[in-house]
Amino acid sequence: MLKLKRILLIAPNEMTLTPAFERAYALAFATGAYLHIVAFDYVPALAVAGLLDHDAMAQAREGYLQVHRQWLEQQARFKRYIGMQVTTEVVWARSSLTHVLECVNDFRPDLVIKDTHYVPALDRAFHRPLDWHLLRECPAHLHLVTTAAHPKPLKILAAIDLSHLEELTHGLNDRILDLASTLAASFGAALHVLNVSRWSVMNDASISVPTGSLDDSLRDAIQDAQQEAFEVLAERYCIKNTRRHSLTGTPHKVIGLFAQQNAFDMVVLGTIYPHGNNWFIGSTVESVLNRAPCSLMIVKPLSPPD
């Protein structure tokens, strides 16, 4: 079973406790992981003022950052009293992909946590939010938190994808269930598993086609093979029969609706992005993120495709 040892929380620049704080504290306490909190803070007005008086700007900036450091350190101190390992850091920089990845590469966490916010489609057309970039670029597992109604999740849904050959996804389904079962065990949460059947790989090729376009006998054979693989995975992770769900439809729509209707606190799903001439899973996660029904735990493959 996977063990989380190092968790990185990307805190907002506002000095306020958000759902990501609550989830990060709960995860670190439940797993015994070391938690590092980093906040990126940048005030354009101070930067502009520095063009006129560098020394005055440097002093004002340091005073501003010191207030933020003291606030963040105070939050960490409360958690150290109950035995948690927590450190904090405030960086004078914009919360950009480059700066976040530098922090990730330095700290080397098993899991990165941050708040996520709904971004209208029109805005996304002109500017990709940081969350979307992290889906592709963050090397660690990524937890995007929407709410903290239950900082300790009560119900967790593992959404696997059996429509691709296992060698194409680099054991991603196992990693999804491994992390999901670790979290469920740590929190005492109910773990469910969901597979959405619509796409199938044909003739060992790394392409997918709608099962509705296949011959009936071939479609039945593919569905039987997927169901058999589904049962094997569920048995491996000791998931009860009543918590195994096989549905059909468009994956991101089915996952989102199922999670919403059944009041899950967290959906664990995986992502692999295009590499060379091959097409990998990725669009489903982006589509679910667009209107996330709950917090999302994004699992990355063991190693990037060659």
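The values are calculated or read from the model by the stated rules, or taken from the named source; none is laboratory data. These figures come from a predicted structure and were not determined experimentally. We place every Cβ from the backbone using ideal geometry, glycine too, and count neighbours over all the protein chains shown.
Per-structure values
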quantity	calculated
Residue that is modelled with the highest pLDDT, among those in segment 162-174 that are surrounded by 20 or more Cβ atoms within 10 Å (Cβ to Cβ) and touching a strand residue (DSSP E or B) at 6+ places or on another chain (Cβ under 6 Å)	173
Candidate set: segment 96-118, residues that are under 18 Å from residue 18 (Cα atoms) and in a loop (DSSP other than H, G, I, E, B); chosen: the one modelled with the highest pLDDT	116
Residue check for residue 51: modelled with pLDDT under 95 and touching a Leu at 6+ places or on another chain (Cβ under 7 Å)	no
Residue in segment 136-149 that is modelled with the lowest pLDDT, counting only those that are more than 14 Å from residue 267 (Cβ to Cβ) and of a type outside the set (Gly, Ala, Ser)	136
Identity of the residue in segment 250-283, modelled with pLDDT under 80 and outside any loop (DSSP other than H, G, I, E, B), that ends up farthest from residue 117 (Cα to Cα)	278
